Each structure stands twice: as C-alpha cells, then as structure tokens.
1. Roughly speaking, what is the centre-to-centre gap between region B:623-670 and region B:307-356 when only Cα atoms are used, to the nearest Å?
2. Along the charge dipole of region A:170-262, pointing to its positive end and built from +1/-1 on Cβ of Lys, Arg, Asp and Glu, which listed residue (A:Leu227, A:Gly196, A:Pro206) has its Cα farthest out?
3. Can you tell me what share of the DSSP beta bridges in the protein assembly as shown is antiparallel? A percent to the nearest 5 is fine.
4. Can you compute log10 of I(q)/I(0) for region A:170-262 with the Debye formula, treating each Cα as one identical point scatterer, at q = 0.18 Å⁻¹?
5. Put +1 on the Cβ of each Lys and Arg and -1 on the Cβ of each Asp and Glu in region B:15-130; which of B:Ala125, B:Pro93, B:Ala69 then has its Cα farthest toward the positive end of the dipole?
6. Pick out the long, greasy-scoring helices in chain B: whole DSSP H runs spanning 20 Å or more along their own axis by Cα, mean Kyte-Doolittle at least -0.5.
7. Where in region B:272-291 does the amide nitrogen come within less than 15 Å of the point 7 Å from the Cα of B:Asp79, taken along Cα to Cβ?
8. Need one word for chain B: rounded, prolate or oblate. Basis is the Cα gyration tensor (sqrt eigenvalues a ≥ b ≥ c); a/c below 1.5 gives rounded, then a/b vs b/c decides.
Amino acid sequence: MYAFDYHQPKSVDEAAQMLGAKPEPKLLAGGMSLLPTLKLRLAQYTDLVDLSAIDSIKGIERDGDALVIGAMTRHVEVATSDTVKRAIPALTTLAGGIGDPLVRNRGTMGGSIANADPAADYPSAVLGLGATVITDKRQIAGDDFFKGLFETALEPGEIVMAVRYPVPLQAAYIKYPNPASRFALVGVFVARTAAGVRVAVTGAGPCVFRLTDAEALLAKNFSAAALENFTVKPDGLNADIHATAEYRAHAVAVMLKRAVAAAGGNT
Amino acid sequence: MSHAASGEGIGQPIRRREDMRLITGKGQFSDDMNLPGQTYAVFLRAPHAHARIGAIDTAAALKMPGVLAVLTGKDLLADGLKPIPHTPLLAHPAEIIPENTDGTPVFTAPHYPLATDKVRFVGEAVAIVVATSIAAAKDGAEAIAIDYEPLPAVTDTVAAAAPDAPQLWDQHSNVALDARLGDAAATAAAFKRAAHVVKFKTWVQRITGVPMEPRAALSEYDPQTKRYMLHAGSGGAVRLKNDLATVLGVPSDDVRVLMYDVGGNFGTRGMIYPEFAAVAWAARRVGKPVKWLCERHEAFLCDYQGRDLAVEAELALDRDGTFLAMRGSNIGNAGAHTTNFSPLQKGVEIASSIYRMPAADFRARAVLSNTAPTRPYRSAGRPEVMYVMERLIDLACRDFGFDRVEIRRRNLIAPSELPYTNPFGMTYDSGHYREVMDRALKEGDWDGFPARRAEARARGKYRGIAVANYVDTATGQPRERTDITIRRDGVIDVVIGTVSNGQGHETTFAQCINEWFAVPVDKVNIITHDTDIVKVGGGTHSGRGMRLASYVMKIASDEIVEKGKRIAAHLLQAKPAEIDFTDGHFRVTGSNRSVGLFEVAAAALDQSDLPGELRGPLTATCDKVVKEAAFPYGAHVCEVEIDPVMGNVEIVKYTTVDDVGRAVNPMIIHGQTHGGIAQGVGQALLEHCAYNAADGQLMSGSFMDYAMPRADDFPFFDTFISEVPMPSHPLGIRPAGEGGTCPALAVTVNAIVDALADLGVRHVEMPATPERIWRAINGKKDVSIAKAEG
Ligand SMILES: Cc1cc2nc3c(=O)[nH]c(=O)nc-3n(C[C@H](O)[C@H](O)[C@H](O)COP(=O)(O)OP(=O)(O)OC[C@H]3O[C@@H](n4cnc5c(N)ncnc54)[C@H](O)[C@@H]3O)c2cc1C
C-alpha cells in the first residue's frame, strides 16, 4: 500500500468538496474491492475519502412503486431486510449470495455498482430492473450507467447516493458461481415490470448487458417454455481459465431459463 | 489413577490439547515473533518465465528513505553463499533408486537463494531489499532496474522433455533423470500373450499446498558468537538448520532454528526455501534482525508446488481379467530447479498398487521447465499412480465387460502372499486388502447403489459410484531420536526431532507417554521447536511423525522403566527382578511396597547412596535408523451426482476404510482423513496451478483463480479405521496422514465416469470441471485450461 491521507466526512457535500480539492482522491466505501488493489500497489491515491460516516446515504426505503437503497447500505442489510424481501425478493437472493459473511458485512451496494466488476452481482439488478442511479449531481438511468470493464457513467468526483429500483411484478436472479472466487461466472437477472420484461447478464461479458432477443420472447410469453430453443452466441463473451466463451454462452441460456422458472414464470 | 481410568492413552479419541491455544489466537507462528530493532525484507521477483539477467541498477533503490540494503545474486556469490543442497532422490534403504539408463549421473542444478545468471520461472527471487518498514522495502524494490533478455519458455510437462524445447540449464538438457524400472522382456512377453490390453494417457495436473499460515522468517546474526538464529516454520527443524548452514557456508552448530507452531506443510513446506537463507544472510549484512512475511500472491507464485505428472500407461489382462503386466512412461515436472524427484520415484515403484502384477516396465523421466519447483505434496507420487492404476482397471471393465469389484477381488494380493515383492522391487509387508475393500463396499452400500441411481435419474441427475484401493509407501528420513526425561516436578520432557504442522503431535505423542507412564497428557512436554535442544531428527513427512516418534519413544521409555526398576529396587530394598511397573508406580511383586515414578526421579537426583550409574536425571535417549518402509493401505468408495445440463458434480457420499495399524487417537485420524479427502478431491475437481503456455505466466495467482475446495463442496464423510498391526513397528503403527488423499483422485474421477457411462463418456481429465464434463457429455473436444484463453 502506498501512503495516503484518510478523511471521514460527515456529509455528501463535505465529501464532494474533498474530492474537488485533493490532487488524486478516491472514495472509500466497504473497501472490499478497493483495499486489495491498494495492498497490491496496483493503484495509488493521495487521499481516501471514507463515506462510512454519512448517514444520509445509508438505508432501505419503500417509496411507492420503488425500493430506494442508499449507496452505503451493506450487502448484509439488503440480504436480511424484510422490506427488500417483500418488495424484490430477487435482491435478497442476490445480496445474500455475494462473497462470504465478512464481505457482506463490509461491502456496499454503491461500491459494487461504482466498481462495475464484470463478474459482480449488483449491476445485473440495476440493469435488469431498469433502476435509476441517484448521484449528488444527477439521476442516471440503469441502461446508461455501465459503460464497460470497470467503467461507469460516473464523472470524476461524482458520488452515488442511492439506487431507485422499480418494484417488479416478477423477478429472479440466478448465479452460476465461479468455482474459485464465487463471483458470477454467469449471473442472470430477469424481471417482468410494468414497463416490460428485462433480462440482464453479468459475468459473461466485459460488462453487464441486456439480452434483448430473450426479452422479446419473454414479453410474449413469460415462461421457460418460450425459451426452449433459445441459445446465446459465444461471440464477444469472456474466456478465461475457468470457462470458455462457449460454455458461458450455454450457461447464460440455462441460467436464464432457471431464472424465469424461479420468478414464477408460467410453465 | 490408572491410565485406563484417565482415558487418555493409546486408542482414546481425546480432544487436541493444542486447539484451545490455536483457536484463541495464542499460537506462536513465525510471523508472531518479533525482535527489538528488527528490519523488514521484501523480494523483487522475476517478471519473466525465462530470461538472462543483465545489468542490475540498485543505486536509486538504495537512496529510497528507510532502505538499508539491496542484495542480488552477484552479492551472494561474492559472499560465498552456496546453492541449496538438494537430494532429489530418496535414499531410504527401502526405496528403489532410479538411475539414468545411459549411466550418466542424475543432473542436479545449482539452486541459489537469489537468481544469479538467469531467471527460470515467474516469481523467482532476484533481489532482497531490507528496510525499516515493509512499505519502504517495497519502495526500494520498485526502484531497482534490471535489464532482462527474455528467452523462450516452456511450462508444459511433455513439451519440456522434447529435444528442441527451450533449455533451462546450459550444462544439461531439461531431462534431468531418464530411468527405466521393472523387467522389459518379461513385460513384453506378457503383453504378447494378453487377451486384453487397455491404454490410458493422462496428465495429473499441478497443484499447490496452500497452507493457512504463509511462509515467514525472522533472522538475527550475533557477531560475538558468529551464530545465526532463524525463526521459520518448516517440515523439520534439524534439516532446516543443516541446510541453512550449508547455504551460508558455516558449521551447522552456528545456526539455531526455532519453530513453534506451523500452520500447514503438506510437503510443499517440507524443506528450506531460498528466502530463508537470503533473510539470514541479509541479517548478517545489515547487522540487524530481518523479518519477512510471504504474501499470498507470492505463495501462489513461488511456494514449492506439487504433482504435475504426465503418464502413458497400459495394462495387460488375460481372458478372466487377471493382470499380467503393466507398462508405461511417467514424466514428472520438476519445475525450474532439481529440487525433488521423489514423487516420480514413489510414483513408479508402487504403480502396480496392491494388485498381483507379475511384470512391469516403466520409463521415468524428471524434466525441468519454466515453472515453480515441485516437491512431494501430500502423499507424493502415490495418489498419481493410484489414479492411473484404478483408471486402467475401470477402463478395462468398461471395454471388456469385467465387473469392477470382481476384477479387484481377483487381483488383490491375498494375506497368504505377503510379504509380496511387486514388479518394481518394493516389498509390501502386511495387510488384509480384500477384507478392507469389502468393508468399504459394505459401508458405502455398494449393493444398494442401483436403486439410488434409478432414483436420481428420475430427478434428471446422473449418479455414479466407484471404489478404489491404495497403498502408500512411507519412508522418508529414516533416522529419529528422542530424549525423554522424568522430572521430579511431575512432568515428563520429550525432546523429539519431528515438528507438528497441525497434525496434533502435542496430543498424540503425549498419549503414548500417558499409556506407558500413566501421567496425565497435560504433564507431558513435547519439545520440538529449538535446534539447540533438538539435535537430531527427520521432521514430519512421509508418514513418519507418529510412526518414528512412537518407535523411539517406546524404546527410550522401556529403558527408563528398566532404570527406574533398579532405582526402585534400591529404595524398596528388593531385587530389580521383583519390581513391577504399573500405573506409574514401581511395586515389589506381591507386596504393597511401592514408589512413584517421580519419587524415583527425585531419588535419582538426590540420593547419594545410589550406585553411581543410577544417579542423575532419570532420562533415556533413543537414536535410531528405521530401515523398513511402512505400508498403510485402504479403500475408498465415492458416489457422485451430476447435473447433465451444466456438468456440475456433487459428491453425495464418501466412505473410507484406512488401515493405520494401530490408531493412537481415532478422532485425529478421522480428521486427517477428512483433510486428505478434501485435498484429493480438490485435485480431482477444482485445483490447478495454471501456467500460460505461451509466456509462462501463472494464471492462478490468487484465490480469485485458484479454486480451493470448501466445506460446502462435500457431504459428511463416513470414515472407518482398520487396525491390522504393522509387523515391523513395535506398536504396530502405520502412518495415517496420507490415506485420505491417496485414492481420492482415482475414486472421484472413476465415479464421475461411471455416472456418465450411459452418455458414452470414457474419461474426464482433472480437474474435472463442470465445463470439461459438459464437453464430454456433448462430445465436444476437451479444451485444456491453459489453451482456453482467448
Ligand atoms: C472475497 C470477496 C468475495 C467477493 N464476492 C463477490 C461476489 O460474489 N459478488 C459480487 O458482486 N461482489 C463480490 N465481491 C465484491 C464486493 O461485493 C465488494 O464489496 C464490492 O464490489 C465493492 O463494494 P465496497 O463497498 O467494498 O467498495 P470499495 O471497495 O470501498 O470501493 C469500490 C469502488 O467504488 C468506488 N465507490 C464506492 N462507493 C462509491 C460511491 N458511493 N460513489 C461513487 N463511487 C464509489 C470506490 O471509489 C472504488 O473505486 C467480493 C469481494 C471479496 C473481497
């Protein structure tokens, strides 16, 4: 780890100010992704701005037809929240399946989506539910948020404050874990919302993406049967020591069918 | 209180007395040690798999704040340091020593603690930086500039043996050893008349030990006494001391090694590491204690690794399924240094397992490659060849219609045939092989399997079962010593040259002492940690911990009892022949006159009227070379269920019967078996040190990519112990640490193949990942992991 200065602001404004004033600042949330990078000296910052003392960006709230989750809400809180379970049980499963208890006790939703790891679970929910990311500067549609490998629409110094998830009619998340890391080798989030059917895939490509052809099939008939002949092309999918693109493509199709079944799709 | 009443003696499943210390953070691992004024070391490591080292510029590094020293291979040569003394082949009297067929000596390459001329694998240490903090040392390491001339690299086992492969050492080809064992003519003749021949080609992939405690070292040099002190965990303190002295070029008594708790060894921590010597040398150079802690990513890069054996084998059978002969070729990948070929050695000499095999002919090659050096890893060589033998048998059954149990029963060596010399020359001493297999089949409910298979099929799952036998030749360092002293304060000191790496010696060794002297286990002091006290001993490997420790402890204890009887006779005014020793008391036979063990010890110290030879501490030493090998054996039954859609394997039932000769602590033995199974199944399903074949980079450099088995990958195991005493051991003890791993590769893969037999699957390579299984089911070509990229 290279040396840095540590700050713990009490408000989003104060944090934003620090981000503007320091030469190379970085936000720190749960630290589960950032700290290993720092320990391995893969990154260097002059200042770490810790968000953990800002209460206004923590917590879970049902707001009409949406669930609003603060950026600094820990995975364990989402996984064990009754409010979440009543509104979007798929998020309960998703958050409860992240890493291990230690990681869930520290890691945050905001940190996960800002990090945009290609194998992270949360991005699939943001995209799959058509959620809205609320920052200190603006609101970003889920469809516009994830830009590529570890890349988002966030501007330098922009702080995620919360995510607004529309409560779906039906939804499920199925993760096929990487045998080593247990991140998603492939993860599929499927949702039937008032606005239509959405399918988001994580782990399979460089960035979370939607499967629009599957969405079209499911819009007509929200059932695993509608996907019987559905396949995914391996082109552009990830290949590494854990799986070829071909296997990932197969896994996406299988997890999608399982997700639709889990969401209570007609059978 | 009698030892029987105290319930702590041999055979009792008492709790481990070390556990409370370990689970409450009171263990003393090497990194827990600190010395005043200590400094910190960091190693700069090779970024290339193979490169010539040009100029090294350390000027900028030396200017970094806090940096005290930057030392390279050149400094090391200038200071006269020596290479690590490797003895790649085991010289134990019971071992078969492979020799080069062309009569040339086996090649051993000079392995210096820091690379001197070339780097030969990614992660090899090139320089050591010592500074006032770890961060400062890392800053220093980053400021070192090295001119490398990259060279072509080879990591693949078979490719490295090819004549045109990139050559690691200028003085010798990559093939360091090329031997042939067995009887070629008899084998050829047997194959000629065989009714059936089955062939199997495989690669037992490379894995690594992943001890929970990473390596660490803390060293200090005392210019007054000219002695080096090193705190570092290893498989044995005495060997580490001697090897360190050799590298440093000093007499061995000028080195003191200390190791208290050691968090895992599995063989990969079994000997000196280059960093240990570099740290000790640096401590002398900077005149301050130097501390080093290996980070996990470094552990993946440059801990000694294990397995990595390429095999081609054939089995010849007659019409009835009786084995006639086996032949083949094994290539063991030694990595970049000629560290240890014993997995290859072991992996040929018992390739025929406990089956009657009239003839065999094997070629054995050790090859060098641009990968981390390999060493014995839990049960070195045996799991590999048990895998090959058991796969051959199941393939023969598949191809020629034999029953998998019947063919094994037919070919297992019967007790009446023991001792039996196998076609490579190893002599198995004893065992009830068939009885143990039959028990495993019964406990694993082999007969009830068809119903379970049908039930699973109805759920869309493919269920398979397999049985595998094994034998484990345990040899290792044959010499062990103990010094046992009865102290007047009610404590027994046992100095011994083994080291517990987690096996629970503090408990089990003390149980032996409890059995013989009836002192509570808590009053037995097992002393292994300091080479100023422990002068002789072979450490813990090759199933030699309990086997040799109990051997020498028993002899020394008997001597103490004899000595004690003579003292007691004096005190009780009787003849030594009239004295009995039971329950910790010396008694005059047929009377109620008695004296306790510790009173006798006190009298020996205090009473001046004792004859001279009985005066002084009540103590005995046994220093012995045990020439016999030990042969634990057993059978495992594994049952799996496979999701044919994704190829996932679930182990639904796992049953073992392991013959340990005599179980000193059954609970600890079950624990050893559990861990052993996890390591074996880990290899079968998950683990792999994957190198990129093109550039030699390690692709499994962290837990993100190196798949460790976890508790939820397993069912509850059904482990059973068989106790057929080993004739050559005074207590009948066979080793118990490696049985869990030995047949686990074989039985897991055989169960998978059995599950998929109806789908036409003949074989799945290890690790049998879901993708590999899915490919096999769908008739797709296997994609080797290293080539899966891109
Ligand atoms: C062992 C292990 C296993 C894991 N397994 C999984 C898994 O299975 N699935 C999974 O999805 N994840 C997994 N993770 C990652 C985990 O979920 C992380 O917690 C998460 O990715 C990052 O969240 P964090 O709060 O720890 O963020 P940090 O590490 O603190 O920060 C991550 C990045 O986000 C930025 N950031 C943080 N908060 C904000 C904000 N409010 N606004 C703008 N930028 C911000 C930081 O500057 C940094 O760049 C695992 C991690 C570990 C260590």
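Bear in mind that the values in this text are calculations on the coordinates, not laboratory data. Given the structure is predicted, the values throughout are model-derived calculations rather than measurements. With ideal geometry, Cβ positions are generated from the backbone for all residues, glycine too; neighbour counts draw on all protein chains shown.
1. Rounded to whole Å, the Cα centres lie 20 Å apart.
2. Projecting each Cα onto the dipole axis, the largest value belongs to A:Gly196.
3. Details: 140 of 174 bridges.
If we restrict to bridges inside the protein assembly as shown, about 80 percent are antiparallel.
4. -0.72
5. The Cα lying farthest towards the positive end belongs to B:Ala69.
6. Details: long enough: B:382-400 (26 Å, 0.05); B:545-572 (38 Å, 0.22); B:666-685 (28 Å, 0.29).
What comes out of the filter, once short or polar helices are dropped, is B:382-400, B:545-572, B:666-685.
7. It comes to B:274-291, nothing else.
8. Cα axes put chain B in the oblate bin.
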